[in-house]
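Trainee: Supplied in structure tokens, the structure appears directly below.
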Amino acid sequence: MTNYSDICIVGAGIGGLTCATRLINAGLGQQLRIKVFDLNGFVGGRIQSRKIDEEVAELGAARYSPQLHPHFQELMQDSGLPHAVYPFTDVVSQEREQQELKETLLSLQPMVKEHPQESFLDFLSQYLGAAEASRILNATGYDALQLPIVTAAMAYDIIKKHPETQNCTENAGNEWRYATDGYGHLLGQLQRQALAAGVEFRLEHRLLSMEQSGADHLLTFSHKGEVQMQRARHVILAMPPTAMAGLNLDFPAAWSPFQYDSLPLFKGFLTFEKSWFQCLGLSDKMLMANNPLRKIYFKSDKYLLFYTDSQSALYWRDSVEQGEEIYLERVRRHLEEALPLMGKPLPPIQSHFYKHWPHGVEFYLEPEAKHPTALVHPSGIIACSDAYTSHCGWMEGSLTSARHACQLLQERYQRRPEEAGDDDTLATPVAESA
Ligand SMILES: Cc1cc2nc3c(=O)[nH]c(=O)nc-3n(C[C@H](O)[C@H](O)[C@H](O)COP(=O)(O)OP(=O)(O)OC[C@H]3O[C@@H](n4cnc5c(N)ncnc54)[C@H](O)[C@@H]3O)c2cc1C
């Protein structure tokens with residue numbers, strides 16, 4: 001097994017897999033040795049699909065909008081994989097909050113441009129008073145909208161680009177879809193395509209550090225407790241900013257004038273012995289809860305899912321850290337508060353699982369400024385992530401950034417060798433054995 005590659009891609013999420021398939025489709029796979037590394041034992045990163053009784057359960061990315069996410073829509077169409085209407089744009093609320101939310105947001109929208117720097121919370125408080133502002137914010141189901149870094153303009157943009165909240169804006173027309181068999185099949189398809197073209201995958205390899213060595217890069221990985229060295233002519237790091245910051249590459253200072261941040265996300269899944277929520281007319285509906293469950297989705301008659309961010313995600317992380325019993329006791333209590341159970345206890349939970357993502361969404365600060373779609377280190381290493389795009393937090397952003405990273409790399413190979421500073425062969429001979 002050689003430890004040399006012409007192109008080394010680190011990160012086998014949808015961004016890294018897209019880089020691999022784009023490069024082979026551009027014809028580079030025939031001439032060059034391409035390797036993909038990931039610290040996990042599986043591909044997909046923040047996309048992880050499971051099945052509950054033949055019904056897909058996505059632990060990470062779940063839905064896309066053909067209007068807002070055209071590149072992802074094209075990828076789904078080309079894959080030939082089944083997809084269907086994502087049902088959760090229809091919000092059920094026990095109170096009048098949803099209607100009030102819509103009326104308030106529409107009435108305050110013309111004032112947004114007068115408050116370019118103000119947080120959304122301060123903006124709402126100015127017009128509605130602090131208590132009402134906080135009530136309205138809760139009704140959106142997204143805790144992140146309360147953060148001081150979220151301006152009123154950003155908040156309106158987020159609200160109109162999420163399926164659960166778009167109905168509160170004039171943007172209600174966007175369609176939303178999901179992969180009925182799970183995005184895992186899409187990732188599998190991309191990986192098989194890359195493997196068939198000779199791309200090598202090295203899973204359970206965590207990149208620890210990198211050094212420059214002449215025209216090459218030396219990458220140090222840990223693999224099952226052992227240190228492994230890899231040499232590569234070109235490197236694409238298809239990983240989010242928090243992972244970049246863990247390397248010895250002076251991120252972000254040596255890469256970009258921007259600062260980055262992230263938010264935690266948490267999804268809890270529950271199945272029940274009886275599909276009681278179907279009888280309550282909740283199947284394929286979403287309920288907005290005024291407690292840490294925030295958004296509760298009822299998937300056909302199969303399972304219930306709650307999805308939270310920021311403060312509520314931390315609440316659930318702390319709950320699971322205190323043990324399963326405490327976690328489930330809180331889930332039950334908050335479900336009983338939120339659901340129209342007429343004073344009856346919640347039916348017995350049959351099974352459950354959850355996923356906490358400490359850095360579920362990553363983004364650059366100063367969203368009004370234009371961020372490069374991919375980053376380049378002075379040593380030539382290229383980095384891509386949805387966090388570098390206006391579609392941060394969406395698969396669409398990963399695709400656009402990965403495509404740009406590939407374009408930068410292809411340009412190097414297309415340049416005349418003397419300009420590129422490379423030797424006069426496109427492919428470097430395979431060297432060194434590990
Ligand atoms: C809960 C949740 C819900 C979401 N919902 C949606 C949605 O509905 N629709 C949508 O479009 N998007 C959604 N997203 C966002 C979407 O999942 C991401 O935008 C996308 O998956 C990011 O892909 P990526 O390849 O850029 O990064 P990632 O998926 O994060 O992949 C990066 C890869 O790099 C690997 N890695 C990191 N560090 C190292 C290292 N040192 N060495 C080796 N490997 C390393 C990681 O293991 C990972 O596999 C959601 C995300 C989460 C977490």
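The values are calculated or read from the model by the stated rules, or taken from the named source; none is laboratory data. All of these numbers come straight from a predicted model, not from anything done at the bench. All Cβ positions, even for glycine, are placed from backbone atoms using ideal geometry, and neighbour counts span all protein chains on display. Surface accessibility is based on the protein's heavy atoms, side chains included, excluding ligands, DNA and RNA. Shrake-Rupley method; radii C 1.70, N 1.55, O 1.52, S 1.80 Å.
Trainee: Kyte-Doolittle mean at least -0.5 and Cα extent at least 15 Å along the axis: which DSSP H helices of the chain qualify?
Mentor: Helix filter hits for the chain: 14-25, 184-196.
Trainee: Pairs 102/355; 274/295; 267/344; 224/370: which exceed 29 Å Cα-Cα?
Mentor: 102/355; 224/370
Trainee: Please compute the modelled spin-label separation between residue 103 and residue 223, points set 7 Å along Cα→Cβ, answer in nm with one decimal.
Mentor: So the two model labels end up 6.4 nm from each other.
Trainee: I want to check the label-to-label distance for residue 85 and residue 365. Put each point 7 Å from Cα in the C-beta direction and report it in nm to one decimal.
Mentor: The answer from the label model is 4.3 nm.
Trainee: Label residue 157 and residue 130 with points 7 Å out from Cα along Cα→Cβ: what is the distance between them in nm?
Mentor: Simple spin-label model gives 2.9 nm for this pair.
Trainee: Return the loop-located trypsin sites (Lys or Arg not before Pro) in segment 84-138 (DSSP other than H, G, I, E, B) with at most 10 other Cβ atoms within 10 Å of their own Cβ; answer none if there are none.
Mentor: Qualifying residues, ordered by number: 96.
Trainee: I'd like the Kirkwood hydrodynamic radius of segment 266-356, using the inverse of the mean 1/r over distinct C-alpha pairs, in Å.
Mentor: Computed over Cα pairs of segment 266-356, the Kirkwood hydrodynamic radius comes out at 13.1 Å.
Trainee: If the chain between residue 77 and residue 411 were fully stretched, how many nm would it gain, using 0.36 nm times the residue separation less the Cα-Cα distance?
Mentor: Gain on extension, residue 77 to residue 411, equals 117.4 nm.
Trainee: Could you work out how far the C-alpha centroid of segment 113-190 sits from that of segment 191-252, in angstrom?
Mentor: If we compute the Cα centre of each part, the gap is 35 Å.
Trainee: Assuming R0 = 35 Å, what is the FRET efficiency of residue 204 and residue 283, from their Cβ-Cβ distance, to the nearest 0.05?
Mentor: Step by step, r from the Cβ atoms, then E = 0.30.
Trainee: Right, here's the next one. Normalising by the residue count of the chain, find the relative contact order in percent from Cα pairs under 8 Å and 6+ residues apart.
Mentor: Relative contact order, the chain: 23 percent.
Trainee: Right, here's the next one. Using all C-alpha to C-alpha distances in the chain, build P(r) with 10 Å bins and read off the rounded percent in each one.
Mentor: 4, 20, 28, 24, 15, 7, 2, 0
Trainee: Then there's this: To the nearest 10 Å², what's residue 301's accessible area with a 1.4 Å probe?
Mentor: Looks like 60 Å² after rounding.
Trainee: Once fully extended, how much extra length lies between residue 175 and residue 273, figured as 0.36 nm per residue of separation less the alpha-carbon to alpha-carbon distance?
Mentor: 32.0 nm
Trainee: Where does the charge balance sit around residue 359 when Lys and Arg score +1, Asp and Glu -1, over other residues with C-beta under 11 Å from its C-beta?
Mentor: Local net charge: -1.
Trainee: Could I ask something else about it? Roughly how many whole Å is it from the C-alpha centroid of segment 308-345 to that of segment 1-49?
Mentor: 39
Trainee: Report in % the part of the accessible area of the chain that belongs to carbon and sulfur, leaving out ligands and nucleic acids; probe 1.4 Å.
Mentor: Solvent-exposed carbon and sulfur of the chain make up 50 percent of the total.
Trainee: Please give the charge dipole size of the chain, origin at the Cα centre, charges +1 on K and R Cβ atoms and -1 on D and E Cβ atoms. Round to the nearest 20 debye.
Mentor: Roughly 700 debye for the chain.
Trainee: Accessible area per residue, 1.4 Å probe, Å², for the chain: what's the number?
Mentor: Ligands and nucleic acids excluded, the figure is 43 Å² per residue.
Trainee: Quote the relative contact order of segment 1-148 in percent (integer), defining contacts as alpha-carbon pairs under 8 Å separated by 6+ residues.
Mentor: Contact order relative to length: 14 percent.
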